[in-house]
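Report on the structure given below.
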Amino acid sequence: MSAYWLLALIPFLGGLALSGQQGMLAVTERFLRRAARRVEGTVTGHVTSREATYAAVHPVVRWTDDDGVEYERAVPDTVSAQRIREGLRVRLLVMPGAPDTVVLDSPHRYKAAMFGVWLGVVLWVGALTAVLVRIATLLPSSCDRYC
């Protein structure tokens, strides 16, 4: 085999990394949905943060917990913040005793993580299949020797 078959390592390792990272995200999201409390909050504004090479807009949400303490935090979000206008009532997931863990209650994150898991699986299984098929075609046929 030539060195070009080492290029199959790129989708194989990339697929493994993608499915592993997205799998951890899906497990975390599943745990958050089971353990967190659901509260209702109000969008009070938007905050811009610099992430990597682009600016990201996050909605700022105010909510009150069961003890009557009011919190206001910027919510990391996968939905574009422009669609979440100021004054809109939103459902939130908050871990008890940890108001910094607030996220929007949206099934989108779990679905996106599962899509990433399956995309990673397709990448690494496809690369592995291509290499195994190539190896199988290079093996000498047993009929050539004994027939």
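Only the coordinates and a few stated rules stand behind these numbers; no lab work does. Keep in mind it's a predicted model, so treat the numbers as computed, not measured. With ideal geometry, Cβ positions are generated from the backbone for all residues, glycine too; neighbour counts draw on all protein chains shown.
Some notes on this structure:
- Counting only DSSP H runs of at least 4 residues, each contributing -39500 (n - 2.57), and dividing by the residue count of the chain, the helix-based mean residue ellipticity at 222 nm comes to -15000 deg cm²/dmol.
- The angle between the Cα long axis of helix 9-35 and the longest principal axis of the Cα atoms of the chain comes to about 30 degrees, rounded to the nearest 10.
- Label-point separation, residue 47 to residue 72 (7 Å along Cα→Cβ), nm: 1.1 nm
- Stretch gain in nm, segment residue 16-residue 91, where the contour uses 0.36 nm per residue and the Cα spacing is subtracted: 23.6 nm
- Distance between modelled label sites at residue 83 and residue 101, nm, 7 Å Cα→Cβ extension: 2.6 nm
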